[in-house]
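Notes follow the structure.
The values are calculated or read from the model by the stated rules, or taken from the named source; none is laboratory data. The structure presented is a predicted model; accordingly, all values stated were derived computationally and were not measured. Every residue, glycine as well, gets a Cβ built from its backbone with ideal geometry; the counts of neighbours run over all protein chains shown. SASA here: full protein model, heavy atoms, side chains in, ligands and nucleic acids out. Shrake-Rupley method; radii C 1.70, N 1.55, O 1.52, S 1.80 Å.
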Amino acid sequence: MFTCHLGKQVQPGEFWDLVVLTAVDDNQREAYELQISEKLERKEIPLGISYHVFSDPPGAKIGNGGATLYSLQRLEDIYGKALGGYRVLLIHAGGFSQRLPNASALGKIFTPIPLGDPLYQMLELKLAVFVDFPKHMKPGVLVTSADCIELYSIAEDENIRFDRSGFTALAHPSPISIGTTHGVFVLDQKEKSVLADMEYRTCLHFLHKPSVKKMHENGAVCKSQDSCMSLLSDAEFVYTDSTYYVDYNTAMSLLSLFREVGPLGCEIDAYGDFLQALGPQATVAYTNNTANVTKQESNLVEMRQKIFHCLKGTPLNLVALNHSKFYHIGTTTEYLFYLTEDPCLRGELGLYKVLGYSQNFSFKVCCAMLSDVKPGCSLTPGSVVEYCRLEAGAHVGGRTILSGCWVGAGLKVPDGTFMHSLCVNREGQTGFVTVTFGIEDDLKKSVGAPANMEGLNLFGASLVECLAKWGLSPESLRFSGDTSSCSLWNACLFPVCPDMRDSFSLTLEMLQPGGSTVTLPPGTKLMSLQEALQCKNLEEMLKYRKKLMEDVKMKKWS
């Protein structure tokens with residue numbers, strides 16, 4: 001069990017040799033390193049292994065594929081030939097988490113989960129789910145993402161083995177509709193299925209976010225044959241991707257290519273650009289398909305072709321987990337659904353026992369994690385409250401996320417609201433910013449120029465309407481960073497206050513219904529979430545969390 005490793009010195013061979021997190025920049029790397037240090041100090045994660053955080057090199061974005069290659073380079077620089085004897089867990093945790101902004105400041109891999117005591121974050125959960133993998137794995141790298149949970153059931157006498165050359169990927173039976181937004185494996189249908197919980201299969205090739213038509217044309221669609229597919233109600237399904245393993249020799253081939261080409265200058269996908277090159281039916285044709293690329297750089301196709309030729313002929317082995325599920329928790333709606341509404345994940349992981357909930361998972365709950373909730377507060381089912389202080393009589397509406405907030409007595413937070421408080425350093429002073437959005441708001445949508453801001457919607461209303469309610473003119477609104485990309489992410493809407501509680505109250509006042517305008521105190525500075533992240537005071541935010549954890553623990557014991 002994973003719990004036996006918590007805070008203990010693990011012995012060689014019984015756990016990972018190295019755990020690596022990727023970060024988008026040095027700022028995020030420092031945040032991750034500080035949190036890992038605190039976890040080690042509190043003995044919340046296994047001791048005796050090396051934890052590394054590697055930030056992307058300066059310059060163009062390189063994507064999670066580029067981060068994989070760069071991490072291999074950093075590891076070989078540190079360990080040299082000794083790396084050939086190590087089993088490495090590589091967790092892609094970089095990015096700004098614009099679709100789950102409560103994880104933007106401290107990272108998705110440190111998102112809390114209502115499991116364990118002390119409460120797990122995604123890092124502990126990933127380590128727990130994969131606890132048996134290293135013992136059945138040859139030297140190499142297991143690649144996974146920070147915002148997903150892979151759960152599976154296999155026979156007690158079986159183990160998932162990562163001992164073959166090339167790539168070995170976990171494959172999950174999924175509805176065809178899910179296949180359109182994920183990677184899909186085309187299995188060799190000549191291999192006879194043994195109809196077991198777990199099968200080792202050969203993959204002919206890999207499809208990246210294919211259409212339903214393409215899945216059928218390529219023979220990726222399978223038919224449910226017996227109770228092994230009981231997790232799916234669909235008669236037809238596909239096998240989708242999640243985590244994969246790369247053996248040491250193959251990883252070194254990719255590293256040689258990376259050293260040869262030098263700085264990438266484009267985003268590489270660790271799934272689409274690596275896995276599509278594998279299997280006997282893989283062709284170079286996919287390298288020209290840029291339909292799913294956010295920003296196409298001039299050398300993207302050339303780099304994809306180099307990767308294809310480097311990996312051509314490399315096997316893609318599958319571990320088909322016929323009793324498994326893949327949960328993606330990377331958006332506000334997913335976070336709310338899986339933590340407060342979905343009975344499956346709650347039942348499978350045994351969530352909420354630590355919070356004192358009953359095991360009746362058929363109803364919605366309000367998930368209050370590491371929060372000091374005073375008497376008289378009302379929390380509506382379907383909401384998540386994390387790292388918050390709620391004073392007497394506070395009310396939290398439904399489908400709401402509160403993160404790191406100090407909610408004053410009697411305050412009422414409307415339904416469908418996201419609010420997150422950050423500590424910032426501005427002009428030599430420490431302050432607090434509370435950002436707020438609607439749960440359904442799209443922070444990534446860009447209108448190109450400030451003059452087009454009427455195309456942005458906040459809480460279902462035009463941003464121009466919101467500005468009028470707050471007594472601001474469109475001309476006065478500042479966008480931080482690159483003004484050729486204007487979005488809710490970089491719109492300077494939120495007041496900077498000297499006090500954490502006042503920050504929340506003032507931002508909440510901006511949400512009140514009715515026609516009355518909000519008058520901000522004279523000289524109030526406004527900041528965007530993007531800007532707040534650039535000048536966040538990480539030490540103060542972690543100090544607040546540490547004191548809150550101590551208070552909650554004392555309250556629990558009293």
Selection count, the stretch 103-144, where residues are open to solvent by less than 10 Å² (accessible area, probe 1.4 Å) and among the charged types (D, E, K, R): 2
Take Asp441 and tell me if it is open to solvent by 10 Å² or more (accessible area, probe 1.4 Å), of a type in the set (Asp, Glu) and within 19 Å of Ala105 (Cβ to Cβ). yes
Taking first residues from the stretch 76-89 that are over 11 Å from Asp247 (Cα atoms) and second residues anywhere that are open to solvent by 60 Å² or more (accessible area, probe 1.4 Å) and at pLDDT 95 or above, the pairs with Cβ under 6 Å that are 6 or more apart or on different chains are none
Given (1) in contact with a Phe, Trp or Tyr (Cβ under 6 Å, 6 or more places away or on another chain); (2) assigned to a loop (DSSP other than H, G, I, E, B), number of the condition Tyr244 does not satisfy: (2)
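To keep it simple, each residue is scored yes or no on (1) at pLDDT 95 or above; (2) in a helix (DSSP H, G or I); (3) within 29 Å of Leu370 (Cα to Cα).
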{"site": "Trp489", "(1), (2), (3)": "yes, no, yes"}
{"site": "Val496", "(1), (2), (3)": "yes, no, yes"}
{"site": "Thr517", "(1), (2), (3)": "no, no, no"}
{"site": "Gln530", "(1), (2), (3)": "yes, yes, yes"}
{"site": "Glu540", "(1), (2), (3)": "yes, yes, yes"}
{"site": "Lys543", "(1), (2), (3)": "yes, yes, yes"}
Please pick out the residue among Pro114, Pro118 that is part of a loop (DSSP other than H, G, I, E, B), over 22 Å from Val20 (Cβ atoms) and touching a Cys at 6+ places or on another chain (Cβ under 8 Å). Pro114
Test result for Met453, outside any strand (DSSP E or B), open to solvent by less than 10 Å² (accessible area, probe 1.4 Å) and either in contact with a strand residue (DSSP E or B) (Cβ under 9 Å, 6 or more places away or on another chain) or not hydrophobic (A, V, I, L, M, F, W, C) (or both): yes
So, in the stretch 302-341, how many residues would count as being in contact with a helix residue (DSSP H, G or I) (Cβ under 7 Å, 6 or more places away or on another chain), open to solvent by 30 Å² or more (accessible area, probe 1.4 Å) and modelled with pLDDT of 95 or more? 3
Top-ranked residue in the stretch 469-503 [being small (Gly, Ala, Ser) and surrounded by fewer than 14 Cβ atoms within 10 Å (Cβ to Cβ); ranked as farthest from Phe432 (Cα to Cα)]: Ser484
Tell me the residue from Leu370, Leu349 that is modelled with pLDDT under 95, surrounded by fewer than 22 Cβ atoms within 10 Å (Cβ to Cβ), under 30 Å from Ala171 (Cα atoms) and of a type in the set (A, V, I, L, M), please. Leu349
So for the stretch 512-520 (the condition being closer than 19 Å to Thr400 by Cα and of a type in the set (Val, Ile, Thr)), does at least one residue qualify? no
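Filter the stretch 77-100 for residues that are charged (D, E, K, R) and in contact with a Lys or Arg (Cβ under 9 Å, 6 or more places away or on another chain) and give the result.
Passing the criteria: Arg87, Arg99.
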What pairs come up if the first residue lies in the stretch 514-536 and is more than 16 Å from Gly481 (Cα to Cα), the second is open to solvent by 80 Å² or more (accessible area, probe 1.4 Å) and modelled with pLDDT under 95, and their beta carbons are under 6 Å apart, counting only those six or more places apart or on different chains? Val518/Glu509
Residue that is nearest to the chain's Cα centre (by Cα), among those in the stretch 286-343 that are basic (Lys, Arg) and assigned to a helix (DSSP H, G or I): Arg304
Search the stretch 178-209 for residues being over 26 Å from Val284 (Cα atoms) and either of a type in the set (D, E, K, R) or free of Cβ contacts under 8 Å to residues at least 24 places away in the same chain (or both), and hand back the single one that is surrounded by the fewest Cβ atoms within 10 Å (Cβ to Cβ). Lys192
